[in-house]
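Quick notes on the structure that follows.
The values are calculated or read from the model by the stated rules, or taken from the named source; none is laboratory data. These figures come from a predicted structure and were not determined experimentally. Every residue, glycine among them, receives a Cβ derived from its backbone with ideal geometry; neighbour counts consider all protein chains shown. In case anyone asks, the SASA skips ligands and DNA or RNA and just uses the protein heavy atoms, side chains included. Shrake-Rupley method; radii C 1.70, N 1.55, O 1.52, S 1.80 Å.
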Amino acid sequence: MDTSWIVEAAQSYDRVAVPYVAVVRDGLNHLPFESSLVNYFVEQVKATGGGLVIDLGCGPGLLSRYLASLGLSVLGVDVSPEMLRIAGGYNPGQRFIEASLTEVPVPDGSAAGVFCWYVMHHVPDEDLGQSFAEIARVLRPGGQLMIGGHVGDSAYVKTEGYGGLPMNVLFARRSITAYAELVRGASLVVDATIDLGPAQPSVAAIRLAHKTL
Ligand SMILES: C[S@@+](CC[C@H](N)C(=O)[O-])C[C@H]1O[C@@H](n2cnc3c(N)ncnc32)[C@H](O)[C@@H]1O
């Protein structure tokens, strides 16, 4: 695998981490629909026995904090050391590790849930299969998956980001169907694909899935 995009993503998000937090600081506070779906994911994790939930591409850890506030044990994973430093501040005592979602350093079947929020648009087409296979590997049987993020049909390289600072990351919008196929391709069961558009300013969707027992 050509890992140069992972290095570029880490450097890009290191640069924009502080202005990024200013944009997402409110977390899910003003997003009642999304938060109700995240709450559903949390309930599903608890109903299937609870345990470790990995926040994949956790960024500044605001969603990690939300999940933990609902009683989950969360491990944050991100490639950006600066994001992880900020996440540690928002989540004292919680575990955060620097790693790519393409190779998560946890044993097979160790996660009761994987939560991945606005990250997959950065993954190049050729590494999507490996990324979903890695999610399936870390989930235990019965484990729950929730993915939220941009959808559509376009792709460009984002060269300027939060605070007008330079970035070099892929911004790919793929169809909900394409993501559902990736989930199924990793032998996971798709429970729901929820289109958040078109009222949302940034067309987005949520995918809920689980690993069979
Ligand atoms: C748009 S931010 C979303 C952060 C967080 N999930 C949130 O909702 O606030 C994208 C995050 O994905 C991380 N990221 C990009 N490529 C990654 C990879 N290969 N593995 C893990 N994290 C990655 C970035 O460092 C950044 O923190």
Of the residues V151, V106, V45, which exhibits the maximal mean-square fluctuation in a Gaussian network model of the chain defined by a 10 Å Cα contact cut-off? V106
Quick one: what does P(r) look like for region 85-135 with 10 Å bins over all Cα pairs, in whole %? 19, 49, 29, 3
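Can you give the % of DSSP beta bridges in region 4-211 that are antiparallel, to the nearest 5?
Working: 21 of 41 bridges.
Of all bridge pairs located within region 4-211, approximately 50 percent are antiparallel.
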Only Lys, Arg (+1) and Asp, Glu (-1) charged, at Cβ; region 4-211 dipole about Cα centre in debye: 440
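What whole-number value in cubic angstrom gives the convex hull volume per residue for the C-alpha atoms of region 24-140?
With only Cα atoms used, region 24-140 gives 102 Å³ per residue.
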Per the Debye formula with a single identical scatterer at each Cα and no solvent contribution, what log10 I(q)/I(0) holds for the chain at q = 0.11, 0.18 Å⁻¹? -0.47, -1.47
Could you tell me the accessible area of M1 in Å² (1.4 Å probe, neighbours in place), rounded to the nearest ten? 120
Options F132, V74, V23, ranked by Cα towards positive dipole end of the chain, top entry (Cβ charges): V74
Approximate shape of region 2-87 as ellipsoid semi-axes (Cα gyration tensor, √5λ), whole Å, largest first: 25, 16, 10
For G197, which sequence-distant residues (separation of 5 or more, or a different chain) have an amide H within less than 5 Å of its own amide H, given hydrogens modelled in the peptide plane? A204
Global form of region 135-194, assessed from the alpha-carbon gyration tensor, a/c cut-off 1.5: prolate
Which residues qualify? For I54, with a placed amide H closer than 5 Å and at least 5 residues away or on another chain, they are L75, G113, V114, F115
Need one number for region 74-173: average projected area of the convex hull over its C-alpha atoms, nm². 7.2
